[in-house]
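We did not get these values from a lab; they are worked out from the coordinates using the rules stated. Predicted model only: the values in this text are computed from it and were never measured. All Cβ positions, even for glycine, are placed from backbone atoms using ideal geometry, and neighbour counts span all protein chains on display.
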Ligand SMILES: [Zn+2]
């Protein structure tokens, strides 16, 4: 699923459409998201996701000091509204995608640079390649229905895509980078818990279950469910810059995996955008008030 770029003051084509009636006391332009990588399969029927553009202050803060992934995702979520479900249940890839849309709608043309090392060259020097937002492409969630039910030797477990709420829970117990913990929380997120304690107990039980699996076929099932529920960014294809490189001669693309967490910080306005802004400046007392 491609991110479509918005031209100045236009809505991102077909991906979002503006909401006609702005809410009272809310003058920020709002957009309805009509397409997401999860294809809305993770959300209740009739759901609507809306977002507002970033305010100047948001953008300034976000481009400034180093922000943690939690701050970045909280900032994205701050301007998002959902009509019939808790917005913290938005899947991670969808949240990344909405984050990109919010930036495109707020700033206009955006570009970013990706670093890569050519596997065909002897040197291991980093090369830089500039991309535009429209080069970004997301994998769609291709499963016919959710949750995914997986039969293990110890019983059937139900899996849902990884959400912001899951991430916040894992972060509270310092396990947000642990792959087994991520799968364990994905396997209990379709349940309803009456308290945090109940949720934590269910998580710990599930984590031990997955962590102690010895049978390779059971591990394979976990890998498979992880892949099936992933709906993140597709890798980009680039060509080596070095003269005489075999990949350049034979047009062999090099795969560059992007990390959207970093991308949020490095996305900057394109040259065209910067030039159009510069044209709005003149000097001396000629016009204006
Ligand atoms: Zn090369």
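For the modelled label position 7 Å from the Cα of residue 281 along Cα-to-Cβ, which residues of region 82-118 have backbone nitrogen atoms closer than 20 Å? Zone members listed by number: 107-111. Protection proxy ranking, highest mean first, for peptides 212-222, 198-208: 198-208, 212-222, where packing is the per-residue count of other beta-carbon atoms within 10 Å, averaged.
Each Cα pair under 8 Å and six or more residues apart adds its sequence gap; the mean of these over the residue count of region 144-247 is a relative contact order of 23 percent.
Each label point was placed 7 Å from the Cα along the Cα-to-Cβ direction; for residue 224 and residue 239 their separation is 4.0 nm. Rounded if a/c is under 1.5, else prolate if a/b beats b/c, else oblate: with a ≥ b ≥ c from the C-alpha gyration tensor eigenvalues square-rooted, which is region 37-150? Because a/c hits 1.5 or more and a/b fails to exceed b/c, region 37-150 counts as oblate.
When you count the other C-beta atoms within 10 angstrom of each residue and take the mean per peptide, 147-156, 237-246 line up highest first as 237-246, 147-156. Taken over region 148-229, the alpha-carbon convex hull comes to 89 cubic angstrom per residue. The mean sequence separation of alpha-carbon pairs under 8 Å and at least six residues apart, normalised by the residue count of region 140-185, gives a relative contact order of 24 percent.
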